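Every read-out reported here was derived from the displayed coordinates using simple, explicitly stated rules and does not represent laboratory data. Being a predicted model, the structure only gives us computed values, none of them experimental. FYI the Cβ positions are ideal-geometry reconstructions off the backbone, even for glycines, and counts take in every protein chain you see.
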Amino acid sequence: MNKSNQLFNHTASPNTISAKGEALGQSEKFLEFQERLSKVAPINRPVLVLGERGTGKELAATRLHFLSPRWQEPFVALNCSALSLSLIESELFGYEKGAFTGADRRRAGRFESANKGTLFLDEIGNTPMEVQEKILRVVEYGTFEPVGSPERIEVDVRIIAATNADLSAMVRSGRFKQDLLDRLSFDVLFLPSLRERHGDIPLLTNHFAARMAFELGREDIPVFSDEAMKALEGHPWPGNVRELKNVVERAVYRSDSADITDITFDPFNTRITENRIDEPPGRPKEIKNHLIDDLLDMSFNDAVKSLSVFLLRRALNTAKYNQKKAARSLGLTYNQFRGLYRKYKDEIE
């Protein structure tokens, strides 16, 4: 198997890119990003990947590695967030036996482990200034000293760094070294947020849903209702693809059938998502405030329509847009409910 097939495969659409993981999309923004990534991947220089949380920065770094001449060498990752100065220094550069209490043997650091390959430094904005200085030395001279050792070790490592922080602002405030930023940003790749990837939500939703169904041992492929898909496409997705994956998998596992109608964005909230669009203005909505006299003033057909729309909408809201539950609450079969829903769909929405 060649290196492209190890990480990527093309779907039926020639403009759709998929990968092991969540690097899947066909939107213009997504494809533009992948094109830029593929162009810089073979260049033996550091790359800085910027993006919101959950956009897939580590997946991008993995692809940069596998599309580079180093693809058969190690890919080593370290999340720099929430690591103390002493811990991150030991993790990156290793230590000698006796360097500190508990150091009963020599340990290689991430730089040494990634020799000839790629080192991915996630959340590099959280790296202490003292460590930034040592990283800069490795980038410039290819050497470093393990903690507690005067011996210099030479390494050949390509660094890919990622963050959701504004590194330029951190430089101005004195929290990040300008020299290091200059060295790391041979090229800067900006991962698009899920909000910018128009058309990718249905593709990702079906991908995650099918995979979750397979994991649960279900034979039927999940199908999201039009209302559920509209709710997904209308959500702001602050957690991006990672959040979408959780929401979709939760909806599939909670559903008793392959028809997915119930979407819960916040698992801590038992109600249907706050993001669901409220009932639109218009006469059917106002039926709840009508007296019987108001209905009597309508023609027979208008009164039946207004009352039907009101009852259908109320049942859907109460059932959290689960159409089977809504049908049961109205004493209807599912097919009867679907027939009425299709008939009054425009008024209900």
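Legend: calculated FRET efficiency, residue 186 to residue 269, from the Cβ-Cβ distance at R0 = 51 Å, rounded to 0.05, equals 0.70. Residues whose amide H lies under 5 Å from that of residue 224, counting only those 5 or more places away or on a different chain, are 260; hydrogens are built 1.01 Å from N in the peptide plane. Each of 94, 129, 27 was scored by the projection of its Cα onto the charge dipole of the range 3-192, and the greatest displacement toward the positive side belongs to 27; charges sit on the C-beta of Lys, Arg, Asp and Glu.
Treat every Asp and Glu Cβ in the range 3-192 as -1 and every Lys and Arg Cβ as +1, leave all other atoms uncharged, and give the resulting dipole magnitude about the Cα centre to the nearest 20 debye.
Working: 24 positive and 25 negative charges, 62 e Å.
So the dipole magnitude of the range 3-192 works out to roughly 300 debye.
Assign unit charges at the C-beta atoms only (+1 for Lys and Arg, -1 for Asp and Glu), then state the dipole size of the range 195-277 relative to its Cα centre in Debye, rounded to the nearest 20. Walk me through the numbers before you get to the answer.
Details: 11 positive and 15 negative charges, 54 e Å.
Here the range 195-277 has a charge dipole of around 260 debye.
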